[in-house]
1. Please determine, by comparing only the residues of region 58-99 that are in a strand (DSSP E or B) and open to solvent by 50 Å² or more (accessible area, probe 1.4 Å), which one is nearest to residue 121 (Cα to Cα).
2. So which residues in region 122-149 are within 20 Å of residue 84 (Cβ to Cβ) and either part of a helix (DSSP H, G or I) or of a type in the set (A, V, I, L, M, F, W, C) (or both)?
3. Looking at region 109-121, I want the residues that are closer than 19 Å to residue 71 by Cβ and in a helix (DSSP H, G or I) and have a partner that is among the hydroxyl-bearing types (Ser, Thr, Tyr) and at pLDDT 95 or above with Cβ atoms under 6 Å, at least 6 apart or on another chain. Which pairs are those?
4. Condition first: closer than 20 Å to residue 54 by Cβ and small (Gly, Ala, Ser). Can you find one or more residues in region 159-179 that meet it?
5. Counting only residues that are basic (Lys, Arg) and open to solvent by less than 60 Å² (accessible area, probe 1.4 Å), how many does region 108-163 have?
6. Would you check which residues across region 38-59 are among the aliphatic types (A, V, I, L, M) and modelled with pLDDT under 95 and list them?
Amino acid sequence: IDKYRFLQEIYNPFNDLFNAPILPYVISQGCQYQCSFCSSGRSRLSVKTPKQIVNDLAMLKERYQCSYFYFLGQHISISEDFINELCDRLIEAKLDILWTDCIKPLRYLSKTTFRKLRQAGCIGLTFGIETGSEKIMRLMKKGHTVLDCQNCIRYANDAGIFTTIKIVIGFQGEKKSEF
């Protein structure tokens, strides 16, 4: 980690996020969804417990003097219970960390959920939206709707979470009008 600390001198004028490494942390492998273009859903989902995640993050923060993390896995939206327990444990532990992850825009993700994510240290989420067409979403077997996407992005932004989206262009069967 110390090999990367030279970046402090280069990026110091910008902001604190550039002053320390952002550590990757794997929370899960595989995916429970079966999106038609992805191979991750064909492998068994394995997820660390929220308790283990918080313990690991506390250890990593102390060992490497780092407060910034990028969670790895397909997405953090394993389940409503998982997100709520993870956020509750992060808030309770008062780790004072900031983190980002990917998220699937699912109907159960409410305004309250996104406020809780932000309170737990989430500062950025990447949404796997893929398309703005309901028809193409169904062909992709995304498991969410355009309205789910709109709501989740709005809720995240309102909670103060920076959002980015992933889009797939040229999916089989997509017409120019759907693009």
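The values are calculated or read from the model by the stated rules, or taken from the named source; none is laboratory data. Remember, predicted model here, so these are calculated numbers, not experimental data. As a convention, Cβ positions derive from the backbone with ideal geometry for all residues, glycine included, and neighbour counts pool all protein chains shown. Ligands, DNA and RNA are excluded from the accessible area calculation, which covers all protein heavy atoms including side chains. Shrake-Rupley method; radii C 1.70, N 1.55, O 1.52, S 1.80 Å.
1. 98
2. 122, 123, 125, 127, 148
3. Cβ pairs passing all conditions: 114/155.
4. At the first step, the residues of region 159-179 found to be closer than 20 Å to residue 54 by Cβ are 161.
From the residues that got through so far, the ones that are small (Gly, Ala, Ser) too are none.
Checked against the condition, which is being closer than 20 Å to residue 54 by Cβ and small (Gly, Ala, Ser), region 159-179 yields no hits at all.
5. Residues of region 108-163 that are basic (Lys, Arg), as a first pass: 111, 115-116, 118, 135, 138, 141-142, 154.
Now restrict to residues that are open to solvent by less than 60 Å² (accessible area, probe 1.4 Å): 116, 142.
Counting residues in region 108-163 that are basic (Lys, Arg) and open to solvent by less than 60 Å² (accessible area, probe 1.4 Å) gives 2.
6. 45, 47
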